[in-house]
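Report on one structure; see the data block that follows.
Only the coordinates and a few stated rules stand behind these numbers; no lab work does. Quick caveat: nothing in here was measured; it's all calculated off a predicted structure. Methodologically, a virtual Cβ is constructed for each residue, glycine included, from the backbone with ideal geometry; neighbour enumeration extends over all protein chains shown.
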Amino acid sequence: MTQITVRDVPPRTAWALEQAGVHPLLARLFAARGITAAEQLDDGLARLIPPDQLRGSAEAARLLADAIAAGRRIVVVADYDCDGATACAVALRGLALLGARPDTLGYVVPDRRVHGYGLTPAIVDLAMGQRPDLLVTVDNGIASLEGVAHAKARGLAVLVTDHHLPALHDDAVVLPAADVIVNPNQPGCGFASKSLAGVGVMFYVLLALRSELRARGAFDAAAQPRLDALLDLVALGTVADVVKLDANNRRLVAQGLKRIRSGRMQAGVAALFAAAGREPARASGFDFGFALGPRLNAAGRMENMTLGIECLLTDEPARAAELAAQLDAINRERRDVEAGMREQAEAMLDALMPAGEPPAALAIYDPGFHEGVVGIVASRLKDRLHRPSFVFARGQDGLLKGSGRSIAGFHLRDALDLVSKREPGVLLRFGGHAMAAGATVAEADFARFAQALSVVAAEWLDAAALARRLPTDGPLDAQWFAPETVKLLDREVWGQAFEAPVFVDDFEVLSQRLVGDPARTQHLKLALRHGGTQREAIWFGHDQPIGDRVRLAYRLSVDSWQGRERVQMVVEAVA
């Protein structure tokens, strides 16, 4: 059962925001999310944290400026998710904007089934085929101790740009021996936003590089390249990676959305909007997280992320449309595989929950699971049961590759570190951050891992932490129940740690019926009455009837039919 709570709204703060010109409804929502002054809502680029506060950015700028001046070959080492793909595109496009010759730029991206994650020795050897002088990692590398050492032994310079947590050895942070590391989460970095995505880190490196080139006389402030042309990619990667949308990240995303809404975007981004059936003029963070991001991620999960990166790099609309169509087809295949895995995983839960109560943490494995989809299925299980969840599949090397998702109060990477200490040798590799992590175990050790993880979770999570809670914004006044309100809300930037509004009210249920394909997922369609007014609602993926009088938590959407717009409530929970 979900506990529906209501966020506290400091009345004086909401009043002050409204007096400063903020829409009354937005003033209430922003105050409940910690905004205390209208100045904090300024999304101008001038209010971004300066690049010189990011440790290593100045050194990275000098390294890149020297490489560009000398015509050295730079090869970007990407990651196989949306953050990594956008970071790779930002790196290559940005370096070209800042003077690197096209023939000196290249990239490699691991195939997750063949190479695994990050800058491994195998990826270094693959990159050597492009005769690099400098490797630049994006969205990876901070824990690639062996890979960086291998690259250095091959005579390469290495710049690591990443946002993940560094590796630990005997509770001490161990950094790779790269020439330069740029990562807000490395020791000694005082950058105020620890939540930059990998694409955000690379964008900041480019800002520092532009400043360095300006100081060297390559151009002046008036003629310098416009890096804001990359912000559509920065916004997409930031939202898709589900990083915390602090003030700095919200500014990056807001600027990207403004560009897209005005029609200024990469050809690949426009093609992905078209493939997803979304309108760029009404672009929102939801589009990034649930339409474009999954189509890019599908390439890395099911095929190879080269397809996604090429879509983001091409400037030809026809080629972009062709690649986006391929990504859309791969995503449909991914959904089918995921549906089968999720159904099988949920059936396996019965064996784990003989009394109906799940353990404090879940870990499941089946030989038929697809390695590329384990993270999505883990996320679905976590959402359903409100428990830290790991799903494993057998890799090509015979080892089990797992992806985990966590809940508030359970730092998944730290939990894996404790498991590795209590059960030496069980975890062959692991890494990640608080809410998501990856791990590799031998099949014979899977049960030991599952048990050890569950024990740690039982120790760290009390009953309050294991209770599912849905924070809401309280009742929605009838005057705001209109399509204009939905459009007002959609223009704002919502996401992780700055959640989109969810309202809660009491309703009389007038009718309820199932819609959708009976052979697949069905949804509950509701007719409701509230305060003498009839409303319509839909509860996606829910096929069980509810009572005659209910308390509903819901978000708003606009349903368009034959040119007529009407507000529809999308149910999130019932109490």
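Dipole orientation for segment 45-330: of the candidates 51, 160, 176, 51 has the Cα lying most toward the positive pole (charges on Cβ; Lys, Arg +1; Asp, Glu -1). Between residue 477 and residue 131, the distance separating the two model label sites (each 7 Å from Cα on the Cα→Cβ line) works out to 6.9 nm.
Adding -39500 (n - 2.57) for every DSSP H run of four residues or longer, then dividing by how many residues the chain holds, sets the calculated 222 nm ellipticity at -12000 deg cm²/dmol.
Which value, in nm² and rounded to one decimal, describes the direction-averaged projected area of the C-alpha convex hull of segment 353-466?
Averaged projected hull area, Cα only: 6.7 nm².
DSSP finds beta bridges in segment 45-330, and of those with both partners inside it, around 15 percent are antiparallel. Using 1/(1 + (r/R0)^6) with R0 = 56 angstrom and r between the beta carbons of residue 122 and residue 515, what's the FRET efficiency to the nearest 0.05? Calculated transfer efficiency: 0.70. Summary of the geometry: segment 379-413 and segment 206-247, compared by the centres of their Cα atoms, lie 34 Å apart. Expressed to the nearest 5 percent, the antiparallel share of DSSP beta bridges inside the chain is 65 percent. Rounded to the nearest 20, the Cβ-based charge dipole of the chain about its Cα centre (Lys and Arg +1, Asp and Glu -1) stands at 720 debye. Counting only residues at least eight positions apart within a chain, or on another chain, the aspartates and glutamates with an alpha carbon under 18 Å from that of residue 421 are 170, 171, 445, 459. In order along segment 414-429, the Karplus-derived 3J(HN,Hα) couplings, from 6.51 cos²θ - 1.76 cosθ + 1.60 at θ = phi - 60°, round to 5, 5, 5, 4, 5, 4, 5, 7, 6, 10, x, x, 5, 8, 6, 8 Hz, and Gly and Pro are given as x. Other residues within the sphere of radius under 14 Å centred on the Cβ of residue 255, judged by their own Cβ, net out at +4 (K and R +1, D and E -1).
Full-extension gain between residue 170 and residue 325, please, as 0.36 nm times their residue separation minus the C-alpha to C-alpha distance.
Details: separation 155, 0.36 × 155 = 55.80 nm, distance 4.79 nm.
Taking residue 170 through residue 325 to full extension adds about 51.0 nm, to one decimal.
For residue 487, the lysines whose Cα comes closer than 24 Å to its Cα, not counting residues fewer than 8 places off in the same chain, are 244, 258, 525.
From the Cα gyration tensor of segment 45-330, with a ≥ b ≥ c the square roots of its eigenvalues, which class applies: rounded if a/c is under 1.5, or else prolate if a/b is larger than b/c, or else oblate?
Working: a/c = 1.38, a/b = 1.21, b/c = 1.14.
Rounded is the answer for segment 45-330, as its axis ratio a/c remains below 1.5.
If you wrap the tightest convex hull around every Cα atom of segment 1-154 and split its volume per residue, you get 186 Å³. Count neighbours as other Cβ atoms within 10 Å of each site's Cβ, and list the trypsin sites (Lys or Arg not before Pro) in segment 82-178 that are DSSP loop with at most 12 such neighbours. The qualifying sites: there are none.
Only Cα sites of the chain enter the Debye sum here, all with the same form factor; the resulting log10 I(q)/I(0) across q = 0.05, 0.07, 0.11 1/Å is -0.22, -0.43, -1.10, listed in q order. Ordered by the number of other Cβ atoms lying within 10 Å of each residue's own Cβ, fewest first, 558, 441 fall into the sequence 558, 441.
Fewest neighbouring Cβ atoms within 10 Å first, the residues 202, 302 line up as 302, 202. The alpha carbon centroids of segment 295-359 and segment 473-499 are separated by 29 Å.
Ordering 196, 147, 463 by the projection of their Cα atoms onto the charge dipole of the chain, which places +1 on the Cβ of Lys and Arg and -1 on the Cβ of Asp and Glu, puts 196 at the extreme positive end.
Just need the Rg to Rh number for segment 206-310, please, alpha carbons only, Kirkwood Rh. Walk me through the numbers before you get to the answer.
On the way: Rg = 15.4 Å, Rh = 14.9 Å.
For segment 206-310, the value is 1.03.
Of 533, 137, 314, the sequence from fewest to most neighbouring Cβ atoms within 10 angstrom is 533, 314, 137. About its Cα centre, segment 373-521 has a charge dipole of approximately 740 debye under the convention of +1 per Lys or Arg Cβ and -1 per Asp or Glu Cβ, with nothing else charged. With a simple spin-label model that places each label point 7 Å from the Cα along the Cα-to-Cβ direction, the separation between residue 558 and residue 6 comes to 2.9 nm.
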